[in-house]
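Following: one structure in structure tokens, then a few remarks.
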Amino acid sequence: YGMASVKWLHSVEVVGEEFNGYQQTAYAVRQRSEEAGRPLTWIEPRALLVPPGSPDFMSRRRFLQAGPQRLEGRAWSGRGRVTGVEVTTDDGQTWTPAEVEPATGRWAWHRWTVEWSAQPGHHVLSARATDDSGAQQPDEAPWNRGGFRNNLPQRVEVLVLEG
């Protein structure tokens, strides 16, 4: 898998039998914590959000003015074409479909955008992707990815200030 950790690769060894190391058992999609699950063999759908506004260095919270905002990001999947991205501005209570642009190639990232009428207050923004195989980025996963948590939606805290 290692798409985010390719810098750690220092050698490749070819073996004559199936390798069954930590990565093959811990990185699995599970419905219940006690089951073995399905090994991750493809890059699961993933959407990332470009954090809007200005950042606070210490808290990483973002600040922006109330009013119309264009949220944007990128999405990809190793299984197939990204067919949808949904965005939440209320920490997963509701999800809004984003407009997904075609990718420039089979494995390229898709750009997505959505308009948001930012109201004053504290908001938690996230995005999740779905691909044409029907796979969807999970909202939450306390155990369904084994040790692998990298595919959960990023959470961006935003404090919207009165105009």
note = Output ordering of 52-59, 83-90 (per-residue mean of other Cβ within 10 Å, highest first) is 83-90, 52-59
inquiry  = Solvent-accessible area of residue 101, probe 1.4 Å, all protein chains present, reported in Å² to the nearest ten, please.
reply    = 70
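The values are calculated or read from the model by the stated rules, or taken from the named source; none is laboratory data. Note that the coordinates shown come from a computational prediction; the quantities given were computed from them, not determined experimentally. Because the Cβ atoms are built from the backbone with ideal geometry, glycine has one as well, and the counts that use them run over all protein chains shown. The protein model used for the area step is the full one, side chains on, heavy atoms only, and it has no ligands, DNA or RNA in it. Shrake-Rupley method; radii C 1.70, N 1.55, O 1.52, S 1.80 Å.
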